[in-house]
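Have a look at the structure below, then the notes.
Here, each number is a calculation from the coordinates, and none is a lab measurement. Small disclaimer: the values here were computed from a predicted structure and weren't measured. Neighbour counts are summed over all protein chains in view; Cβ atoms, including those assigned to glycine, are modelled from backbone coordinates with ideal geometry.
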Amino acid sequence: MLHKNRLFTPGPTPLLPAAQTAMAAFTAHHRTADFKALFQRVLADMKEFIGTKNDVLVLACSGTGVMEAAVSNLTSPHDKVLVLTAGKFGERWSGLCKAFGCQVEELKVPYGETFSLDEIRARLSSNPRAVFVQATESSTGVRHDIEAIAKVVRQHGDETLLVVDAITGLGTTHLDVDGWGIDFIIGGSQKALMMPPGLAYCAVSERAWKSMDKTISPRYYFDLRKERKSAAKGETAYTPATSLFAALGAALEFIRGMGAGNLAQGREALVNNAELCAEMTRAGAKALGLKLYASAPAGALTAICAPEALDSGKIVKEFRESFDAVVANGQGEMKGKIFRIAHIGYYDYLDTIGILGALEHVLARVTDKSIEYGSAVRAAQQVYARTMTEKRQLVNA
C-alpha cells in the first residue's frame, strides 16, 4: 500500500504548504527595503502571536540558542538561579546555567510529574537571580502550571526573573505573558508555527532588559541588546535566515486566517486545535487499555506508556515500517518505556483519527493482546462530537 511520510513528533512538525512556498520563492537581500518591510511586519505579528506588548526578537538558531541567550544575558557568574526540572529539557536549563558559572539550585521532581508551589515558594527564600522552567516538558508530555508558578515568583518580588521555555508551549497552551509577569519566554519555528527548524524567538520584559545592564556573562552573537537596537531600525544585527522569515510571515498569515482576520483569535484557535487533538488522542489511548504517562498532560503532545514488558522502541519502529509515520520514543530514563504523539501546529481531525487507527494495527502486531479495531477511533470521535456540540451551543446561546 502507498505510504506517505507523516511526522507526529514534538518537533520538527509538519510543514505548512504556504510557508514552504514562501520560503522557496523568497530571494530578497537582507539589507533592502523589501526585507525590512517583511522583518518589521513579522516582529509586529509575533507580538500578537505570543500575546505580549514586550519587545520580541527573532534569531537564526534553534530554541536552545535562545535558551543560552537567556542565561548569558540575564545572569553573571556565581549568580544564584533556581531551575525547575522534571525532564530532559529542565536538565538542559541546569546544564546551560552551569556552563555560565551560575550557582544552580534545582527543584527536581520525577519524570512525568510537576512541581509543588509550596516547594517553589520555599526555594525562593535564597533570592535567586532567575527561575528557569518549561511551559511544556516535551520529553514527558507534562504541562507545568505557569500561571501559578508566575504568581509565586511575582509575590516574591521584582528582583527575581521568570524565564519560560515555551518552545512547545506557544501555540499549544493558553499563556498570558504580560498578565502573569513572565520576563522571558522562548519559542521555536519548527513547532506550532509549522515551519522548518532554524528560527527561535523570545519576548523580553522591561524588567529583564534592565537587568542585562548589570550582568557580565560573555556574549557576542547572542547579545540581545544589539539585536534590540538593530530591530528598532528594522534590521537584524547579523545576517538573518531570510527565506525562513518569509515562511514565518506566511505562517502568521495562516494563523490570522484561523481567526477570521484577527491574529490573536487565530492564536487561540490554534491552541484550541492542539488541545482538542490531545484530548482525542488521550481518549483513544485509554480505550485501548494504555496508560497515560504525564500527571498533568499537555496539549502539545501525549506521552503513552508502552504495554508491560514491551520496549516502546518496537512501537515506534512498527509505526515507521508499516505506515511511514514517525512518533517519538521516550527520552533519557524513559527511553523504551513511553512513546509520544504530538499535536503541535499543522494537525487536524483526520491526522488524529489516522494515527489512532494506525495505533490499533501497531499494537495488534507488536503485542499478543486482543485489539478491538475501531475502539480508539470511536473514543476520539466521541470527544470530537461532544466538543463540536458544546461549541455550537455556545455560539447559539
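For the chain, what proportion of DSSP beta bridges, expressed in % and rounded to the nearest 5, is antiparallel? Just about 50 percent of them are antiparallel.
Determine the alpha carbon to alpha carbon distance for each of Lys335/Lys391; Lys98/Lys314; Lys47/Lys226; Lys214/Lys335 and list only those over 31 Å.
Details: Lys335/Lys391 38 Å; Lys98/Lys314 36 Å; Lys47/Lys226 19 Å; Lys214/Lys335 41 Å.
As for pairs spanning more than 31 Å Cα to Cα, those are Lys335/Lys391; Lys98/Lys314; Lys214/Lys335.
Mean separation of Cα pairs under 8 Å and 6 or more residues apart, divided by the residue count, gives the range 17-258 a relative contact order of 31 percent.
Between Lys36 and Val326, the modelled label-to-label distance comes to 3.9 nm, taking each label 7 Å out from Cα in the direction of the beta carbon.
Could you order the peptides 381-388, 200-207, 88-95, 73-80 from most to least packed, using the average number of other C-beta atoms within 10 Å per residue?
On the way: 381-388: 14.8, 200-207: 22.4, 88-95: 20.2, 73-80: 18.4.
The peptides rank, most packed first, as 200-207, 88-95, 73-80, 381-388.
In terms of its C-alpha gyration tensor, the range 17-258 comes out prolate, because a/c is 1.5 or above and the ratio a/b outweighs b/c. If the segment from Arg365 to Glu105 were pulled out straight at 0.36 nm per residue, it would be longer than the present Cα-Cα gap by 89.0 nm.
What FRET efficiency comes out for the pair Glu390/Asp118, r = Cβ-Cβ distance, R0 = 35 Å, nearest 0.05? Display every interim value, and only then the final one.
Working: r = 35 Å, r/R0 = 1.00.
After rounding, the FRET efficiency stands at 0.50.
Each peptide in 121-131, 137-147, 160-170 receives the mean, over its residues, of other Cβ atoms within 10 Å, and ordering these scores from highest gives 160-170, 137-147, 121-131. Please label the shape of the range 65-145 as rounded, prolate or oblate, based on the square roots a ≥ b ≥ c of the eigenvalues of the alpha-carbon gyration tensor (a/c under 1.5 means rounded; beyond that, a/b larger than b/c means prolate, else oblate). Cα axes put the range 65-145 in the oblate bin. The distance between label points at Ser295 and Arg154 comes to 2.5 nm (points 7 Å beyond Cα on the Cα→Cβ vector). Applying a 4.7 Å Cβ-Cβ cutoff to the chain leaves Cys61, Cys202, Cys277, Cys305 as cysteine residues with no disulfide-compatible partner. Among 36-45, 340-349, the peptide with the highest mean count of other Cβ atoms within 10 Å heads the list, and the full ranking is 340-349, 36-45.
Dividing the mean sequence gap of close Cα pairs (under 8 Å, 6+ apart) by how many residues the range 292-397 holds gives a relative contact order of 22 percent. If R0 is 22 Å, the Cβ-Cβ spacing of Lys98 and Glu333 corresponds to a FRET efficiency of close to 0.65. Other residues with beta-carbon under 13 Å from the beta-carbon of Tyr220 carry, at +1 per Lys or Arg and -1 per Asp or Glu, a net charge of 0.
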